[in-house]
Every structure is written in C-alpha cells, then in structure tokens.
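The values are calculated or read from the model by the stated rules, or taken from the named source; none is laboratory data. Just so it is clear, the model here is predicted, and its values are computed rather than measured. Every residue, glycine as well, gets a Cβ built from its backbone with ideal geometry; the counts of neighbours run over all protein chains shown. Note: areas computed on protein heavy atoms with side chains; ligands, DNA, RNA excluded. Shrake-Rupley method; radii C 1.70, N 1.55, O 1.52, S 1.80 Å.
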Amino acid sequence: MTTYWAAHAWLPGGLADDVRITVADGLITAVTTGPAEPTDHRLPGVVLPGFANTHSHAFHRALRGRTHDGGGTFWTWRERMYALAATLTPDTYLDLARAAYAEMVLAGVTAVGEFHYLHHGPDGTPYDDPNVMAEALRTAAHDAGLRLTLLDTAYLTGGIDAPLAGAQRRFGDHDADAWAARVAAIRSDGTLTVGAAIHSVRAVPLDAIPVVAAHATGRPLHVHLSEQRLENEQSLATFGVTPTRLLEDAGALGPDTTAVHAVHLTPEDVAILGSTRTGVCLCPSTEQDLGDGIAPGALLHAAGSRLSVGSDQHVRTDLLAEARSVELHERLAGEERGVFTPAQLLDILTSGGHANLGDPTGGRLERGAPADLVAVRTDTPRTAGADPAQLVLVAGAGDVDTVVVGGVVRVEGGRHVLGDVGAMLGTAIRAAWEGTR
C-alpha cells in the first residue's frame, strides 16, 4: 500500500486542497483530505486523473516533421503515410510503438486507443502468426507502462467500390467474417483490451458494416467519420445519405461507439450522434496540421455525445494541448470565450476518454478507480502564477512531473523509467524510414 499526498488534486467534485490518495493492488482504496504524513509520497503541483488518448496511429509518429514541404492536402499527406506503412516489420513496428507510447506516458497518458490496421505483410500475405503486429502493440504498451485498447480495424476496400491497392493491401482481410475470425484470436489481458473499428464508410462495404458492429457488441467500436468533405460527397453520391446516417441505418452507432474526427457534419448528423449517445473523439492537432476543418464540439456535447481527445497522427503528443484546443477551436469558430469550462475540458481529457475506451471507472480520483495519477507542476515558466483550477488552459506535456499507472510509477521528475525517450524515438524512426530507400 502506498499513500500519495498533493497540495491540490482534481476530485470528482472539483479541485481540492491537501489530498491524500491511498493505493493498493493497482486501485485507489481511499481519498481523504488533511495534512501530509511522514510516510506519504509527496507529489508536486496539481494531481489529475490519468489522461486518455482515445485515438492513436502509433506508426504515424515517424511522420512528424517530415510532411510539411510542398503543401498539399490530407490526400497528398496520405501518400507519404502509405510509403511508411509499406515498410514496417513486426520488429520495427514494436520499437516505434514502444517509443511512441513512452512519449505518451511522459505527457500524462495512462490509456490509449490504438486504431490498428497494419495487419499483414506488405503484399497482404498474412504472417505465420496473423496477429503478430497486434502482439507487437501489446508488448509496446506493456513496456511503456500504459493500458491499451486495441481497436482492431476492418479495412476491406481502398475506397467506395474500389479494391485495395499498394500499401493498403496489408491493411485488408478478405471480408468481414475473415476479419472477425482473426480478431477473435486476440486475447485481452491486464494491459490490453480488445475492441474493434470500422475504418470508415470508404473502407468497409455497406453490407459488411453490420457484421463488424455485431462482432463488436459489448466492446468499444470506433470509426473515422467525416474527416474530409470528399467522404461526405462520395457517400451522398453512392448511397444517398451522409456517412453518419449510413452508420446509424447499419446499426453501428450507440453508447459503445466512438466517432473520430466528426468534422464535416450536418445538423441532422449532430442530432443522430447525440440521440444515439455515440461518443466523439476530437483530434484538434490533426485537423490543424492537415487543414481538415473545425469539428462542432460544443454542438455535439450539447446534443448528448460524450467527448474525448486523441493525438491521432502525433503531430504533437500533448493531450493537455489537445483538450485546450477543443476550447480554442470553439473560440475561433464562434468568436466567444469560455464555451467549455476548465472542468469540462478535464472531463474530456480524462473520464470521457476512458469511457470511450470502454472503461467507465477510469479518469477519476475516487475509491475503486484505477490508480492513475498525473502530477502537473505549477512552478514552470508556463504554469507559474496560474490558478490551479485553470491549469488545463496553460499547462502542457513538458509540465508533467510524475505519472503513476495502476499504482506503478512510470514517470518521475519528468523522466520515464525506460530512460531517454527522445533517443528511443530517434533510433526507431530512423529504422522505420530506412525501409523506404
């Protein structure tokens, strides 16, 4: 049993002072207030619940800082991503994911949703172990020290009514039943929870969507939704409805489903997502980087969707900044400040994200919750002088001092137990790109 003490901690009722958090067997067993005792482990700054990164493509981390020449669009960026995807092996995938996940933990992430579609060999031939790439992610998450919801992704077509081509061939199973059979062999454990994903209405045929949704019953189901206008245009031209309506008609929306991006929505789309209590994962840094647009976060929240955030392509790994950008996007779109309160932004960052990953107990500092603690310093050049209750509006990944995941200290003094994460990333990224030469 370990007891942590914090001058400030964010409890379910808001910010509290002089908080003692007792931990045993990976869970919080008691939360009380009072002065520190000699045996307490003192945490600096403000202690927050562990952050949830609801949408990740770990291998995209190797693209950071390599796609900004020549301008272009999401679609031209995607060609660079395909070039990288074509080269990765189980070993290079493991090393890259381990380093990317360690960077997340440094930033306060204690759980990640990995939208995983690098299933097979480069030409689409299954490995001897058909899930060797998923097992690489399991090992990477275990080594880095965070929980993984594996959103094994059905990716069956290269576009509406188009075959898989090029690097896409390694993403695809023969059909939805073959995808389901492969996923059924992956076992959950203390690190990994098996979920599912529909890549998009572009990549999963209409008749296959119900198959994937049925297989995911009782598990988290995620789907890329309306990130680009072209997806909407193609869906309307082919099916006569928006992607949101198509997914609802196919039975793929509901409280266990999370729509990712959700940028280009009609008012009816927003109403459908809210009324079905479908979660929504916003990815502000990706939308900024790729010029996708601004998602209607406030409208979705008001309609009833549970919001979370994801770093997606990892143009930055700073979940505090992602949550802050949800508010900043609303300010730019509506020319009004304070659309989301600091408390609401922290919910998006913590409990909302964990719930969208299938864990309704996560993201809370209360008895019975996972012992995931993030201590954010209040004395850095960025945070000094800030009201602790408004820390989410100013703090970033560099201000995270200590991270405890399941009662185990993974980051202390801003350093991960694995050592120099920057060096790990540099080595892994160089190895990943060597295959493109």
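Put a dot 7 Å past each Cα toward the Cβ at D177 and R367; how far apart are the dots in nm?
5.1
Can you give me the long-range amide H partners of G195? Hydrogens built in the peptide plane at 1.01 Å from N, cutoff under 5 Å, separation of 5 or more residues or another chain.
Residues meeting the criterion, in which the H sits 1.01 Å from N, are L150, L151, D152.
May I ask for the angle, rounded to the nearest 10°, between helix 319-334 and the longest principal axis of the chain, with both axes built from Cα atoms and the value confined to 0 to 90°?
Approximately 70 degrees, to the nearest ten.
Count the DSSP beta bridges whose two residues both fall in the stretch 1-66, then state the antiparallel fraction as a percent rounded to the nearest 5. Provide the component values of the computation, followed by the final result.
Values: 15 of 20 bridges.
In the stretch 1-66, approximately 75 percent of DSSP beta bridges are antiparallel ones.
Between Y127 and V408, take the C-beta separation as r, use R0 = 45 Å, and let me know the FRET efficiency to the nearest 0.05.
0.90
Over the stretch 212-354, with every protein chain in place, what whole percent of the accessible area is carbon and sulfur at 1.4 Å, could you tell me?
Details: 2560 of 4990 Å².
So the carbon and sulfur contribution to the accessible surface is 51 percent.
Debye calculation, C-alpha points only, no solvent: report log10 I(q)/I(0) for the stretch 99-202 at q = 0.10, 0.11 Å⁻¹, in the same order as the q values.
Reported log10 I(q)/I(0), two decimals: -0.29, -0.35.
Using the Kirkwood formula over every pair of different C-alpha atoms, what hydrodynamic radius in Å results for the stretch 82-126? Provide the component values of the computation, followed by the final result.
Numbers: mean 1/r = 0.0839 Å⁻¹.
Hydrodynamic radius (Kirkwood, Cα pairs) of the stretch 82-126 is 11.9 Å.
Kindly provide log₁₀ I(q)/I(0) values, in the same order as q = 0.15, 0.16, 0.18, 0.19 Å⁻¹, from the Debye equation applied to equal alpha-carbon scatterers of the stretch 145-250.
Once normalised to I(0) and log-transformed, intensities are -0.63, -0.71, -0.87, -0.95.
Among bridges DSSP assigns within the chain, what percent are antiparallel (round to 5)?
The antiparallel proportion sits near 45 percent.
Could you give the dipole magnitude of the chain about its Cα centre, charging the beta-carbon of Lys and Arg +1 and that of Asp and Glu -1, in debye to the nearest 20?
On the way: 32 positive and 52 negative charges, 82 e Å.
Charge dipole of the chain: 400 debye, to the nearest 20.
Evaluate 2.2 N^0.38 Å with N set to the residue count of the stretch 313-437, then give the Cα radius of gyration divided by it.
In units of the globular-protein estimate, the stretch 313-437 measures up at 1.23.
Between E135 and E336, what is 0.36 nm times their sequence separation minus the Cα-Cα distance? Round to one decimal in nm. Can you show the working numbers first?
Values: separation 201, 0.36 × 201 = 72.36 nm, distance 4.59 nm.
Taking 0.36 nm per residue and subtracting the Cα distance, the gain is 67.8 nm.
Would you mind working out the accessible area per residue for the stretch 381-424, using a 1.4 Å probe, and quoting it in Å²?
Here the residues of the stretch 381-424 average 44 Å² of exposed surface.
Given a 1.4 angstrom probe, I'd like the percentage of the accessible area of the stretch 1-115 that is carbon and sulfur, rounded to a whole number.
On the way: 2200 of 4240 Å².
Its accessible area is 52 percent carbon and sulfur atoms.
For the Cα atoms of the chain, what angle does the longest principal axis make with the long axis of helix 421-434, in degrees from 0 to 90, nearest 10?
It works out to around 10 degrees.
Where in the stretch 286-390 are there trypsin sites (Lys or Arg not before Pro) that are in a DSSP coil and have at most 16 other Cβ atoms within 10 angstrom of their Cβ?
Those satisfying the criteria are R337, R367, R382.
Where does the chain land at 222 nm, in deg cm²/dmol rounded to the nearest 500, when only DSSP H runs of n ≥ 4 count, each adding -39500 (n - 2.57), divided by all residues?
Details: 14 runs with 143 residues, N = 437.
The helix contribution divided over the chain gives -9500 deg cm²/dmol.
For A237 and D387, compute 0.36 nm times the residue count separating them, minus their Cα-Cα distance, and round to one decimal in nm.
48.9 nm
With the contact rule set at Cα under 8 Å and sequence spacing of 6 or more, what percent relative contact order holds for the chain?
21 percent.
Need the C-alpha centroid separation for the stretch 151-171 versus the stretch 363-403, integer Å.
First find each Cα centre; the distance between them is then 40 Å.
Please express the shape of the stretch 154-210 as an equivalent ellipsoid: the semi-axes are the square roots of 5 times the eigenvalues of the C-alpha gyration tensor, given largest first in whole angstrom.
23, 12, 10
Kirkwood Rh over Cα pairs of the stretch 51-90 into Stokes-Einstein at 37 °C, 0.692 mPa s: D in µm²/s?
Details: Rh = 11.5 Å.
Roughly 285 µm²/s, to the nearest whole number.
Under the definition of Cα pairs under 8 Å and six or more residues apart, what whole-number percent is the relative contact order of the stretch 213-312?
Numbers: 172 pairs, mean separation 26.4, N = 100.
Relative contact order comes out at 26 percent.
Compute the acute angle (0 to 90°) between the alpha-carbon long axis of helix 74-85 and the principal axis of greatest extent of the alpha-carbon atoms of the chain; round to the nearest 10°.
90
Hey, quick one: spin label on D379, modelled 7 Å out along Cα-Cβ, who in the stretch 95-127 has an amide N within reach, i.e. under 15 Å?
Backbone N within reach: none found.
Calculate, axis by axis, the spread of Cα positions in the stretch 248-302 along the three principal axes, and write the results as whole Å, longest axis first.
Reported extents, whole Å, longest axis first: 32, 18, 17.
In percent, how large is the relative contact order of the stretch 1-137, given Cα pairs closer than 8 Å and 6 or more residues apart?
The value is 22 percent.
Could you pull the Cα extents of the stretch 306-381 along its three principal axes, largest to smallest, in whole Å?
41, 32, 27
Report the Stokes-Einstein translational diffusion coefficient (µm² s⁻¹, integer) for the stretch 211-315, Rh taken as the Kirkwood radius over Cα pairs, at 4 °C with viscosity 1.567 mPa s.
D = 95 µm²/s.
Kindly report the accessible area of the stretch 58-105 per residue (heavy atoms of protein chains, probe 1.4 Å, no ligands, DNA or RNA), in Å².
For the stretch 58-105, the solvent-accessible area averages 38 Å² per residue.
Once the chain is represented by equal point scatterers at the alpha-carbon sites, with solvent omitted, what log10 I(q)/I(0) does the Debye formula produce at q = 0.07 Å⁻¹?
-0.31
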